[in-house]
Amino acid sequence: MILVTGGAGYIGSVTTNVLLSRGENVVILDNLSRGHRLALPTSAPFYEGDIGDRQLLRRITSEHQVDACIHFAALAYVGESVVDPARYFHNNVEQGIRLLDGLIEDNVKQLVFSSTCATYGEPQTIPISEDHPQKPTNPYGWSKLFMERIMESYDQAYGLKFVALRYFNACGAAGPVGEDHDPETHLIPNVLRAALGKTSVVSVFGDNYPTPDGTPIRDYIHVSDLADAHVRALEHLRSGGKSERINLGNGHGYSVLEVIETARQVTGKPIATKIEPPRPGDPSRLVADAQYARTVLGWKPQHTELASILQSDWDWRLNHPDGYA
Ligand SMILES: NC(=O)c1ccc[n+]([C@@H]2O[C@H](COP(=O)([O-])OP(=O)(O)OC[C@H]3O[C@@H](n4cnc5c(N)ncnc54)[C@H](O)[C@@H]3O)[C@@H](O)[C@H]2O)c1
């Protein structure tokens, strides 16, 4: 049985559906602070509560034969973490440590962890490989890097085997699950919400970056490809693999204006934009070197075309114009 924390969230619910379709048994733990009850698969037992609640975790491990954990649960807004770092460190790190302690106490020593390209900070080289220096530029990135370091120590001391998957920009929809955050800070959902007429204009933060069209370049990776990587990371651990840190990206960057232009083509809608000042700490380019994922996990993204990624989100959004509301 696999414990999925954050299984009511975006990437967690897509991954849970993939695990269930492969015949895995899954139990979900989520406090619904950011997730959606409607995103929960009905065929997996669900426990509502905090990852740091030791009694609840003990209940889950006594009621189910948990042998591995995929740990998605976290707060994940960069801007919010700058304004309220305490909330981020308590939720992602303090509660995260309690989860790890509980797992080890209950003899669950295989963990797949949601890390992020935000642990690298301002890139010194592009594409970014796993040995790039990690110097986060915000508390959210630090909270994930702290967890990586803690897992390393727990590996040495307690034999915890983990795969830290450092995602770049997750996007797209998969079957019944799409991206619905409140507030939504990610570009693609915001662009498509504007195409739907839910907002009148898309803010473009900065048009004077050292990129061909002046807007920042990001690496967009489809949520189904992320889910596939989690399944492979689990297989790696089950077959006795060592702890790893692995980038998950397409290895190809698109600028903000390229995303908006492609969205116009996919949706047939005009999509108005407004240039705003650049956001502090927003790097000009974040593109993954994802070669290592291929080597260790045999993982290769299937959704490499921006238009098809946008199309999957658009299809979902046409059926869910107000998200899960
Ligand atoms: N979306 C991205 O582009 C992206 C990129 C890099 C890393 N990540 C990481 O991937 C993970 C999943 O991201 P997402 O976009 O699906 O986020 P999400 O907000 O949709 O899902 C996170 C889930 O965790 C739950 N949660 C948060 N704190 C909790 C706690 N203390 N106890 C129990 N449940 C808790 C929330 O209710 C939510 O359902 C996060 O750890 C995030 O940091 C996401």
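About the centre of its Cα atoms, the chain shows a dipole size close to 160 debye [charges on the beta carbon of Lys, Arg (+1) and Asp, Glu (-1) only; nearest 20 debye]. The residue list Pro133, Leu160, Ala174 was ranked by how far each Cα lies along the charge dipole of the chain toward its positive end, using unit charges on Cβ atoms, and Leu160 comes out on top.
Order these by the 10 Å Cβ neighbour count, fewest first: Thr273, Thr295.
Ranking Thr273, Thr295 by Cβ neighbours within 10 Å, fewest first, gives Thr295, Thr273.
Enter the angle in degrees (range 0 to 90, nearest 10) between the Cα long axis of helix 306-319 and the first principal axis of the Cα atoms of the chain, meaning the one along which they spread out most. So the helix axis and the longest Cα principal axis differ by about 80 degrees. Comparing mean-square fluctuations of His222, His181, His230 from a GNM of the chain with C-alpha springs under 10 Å, the top value falls on His181. Sorting the segments 6-19, 65-78 by their residues' average number of neighbouring beta-carbon atoms within 10 angstrom, most packed first, yields 6-19, 65-78.
In what sequence do Ile97, Ile221 fall when counting other Cβ within 10 Å, fewest first?
Fewest-to-most Cβ neighbours within 10 Å comes out as Ile97, Ile221.
A Gaussian network model of the chain, with springs between Cα atoms under 10 Å, assigns the largest mean-square fluctuation among Gly121, Gly23, Gly197 to Gly23. In this structure, the pairs whose alpha-carbon distance is over 28 Å, taken from Lys198/Lys300; Lys161/Lys300; Lys144/Lys242; Lys109/Lys144, are Lys198/Lys300.
Once the dipole of the stretch 59-158 is set up with Lys and Arg at +1 and Asp and Glu at -1 on Cβ about the Cα centre, which of Ser81, Gln110, Ala68 lies farthest towards its positive end? Projecting each Cα onto the dipole axis, the largest value belongs to Ser81. Of all DSSP-defined beta bridges confined to the chain, some 10% are antiparallel rather than parallel. Note: relative contact order over the stretch 1-96, using C-alpha pairs below 8 Å and six or more positions apart, is 33 percent.
Restricting the trypsin sites (Lys or Arg not before Pro) of the stretch 199-290 to loop positions (DSSP other than H, G, I, E, B) with no more than 14 neighbouring Cβ atoms within 10 Å leaves Lys242.
At a threshold of 8 angstrom on Cα-Cα distance, excluding pairs fewer than six apart, so keeping six or more, what relative contact order does the chain reach in percent? Walk me through the intermediate numbers first.
Numbers: 648 pairs, mean separation 61.9, N = 325.
Computed over the chain, the figure is 19 percent.
Sorted from fewest to most neighbouring beta carbons within 10 Å, what does the list Ile271, Ile60, Ile28 look like?
Neighbour counts put them in this order, fewest first: Ile271, Ile60, Ile28.
Every number in this text was worked out from the coordinates using simple rules, so none of it is lab data. It should be emphasised that the depicted structure is a prediction, and the values quoted were computed from it without experimental measurement. Note that we place each Cβ from the backbone using ideal geometry, even for glycine, and neighbour counts take in every protein chain shown.
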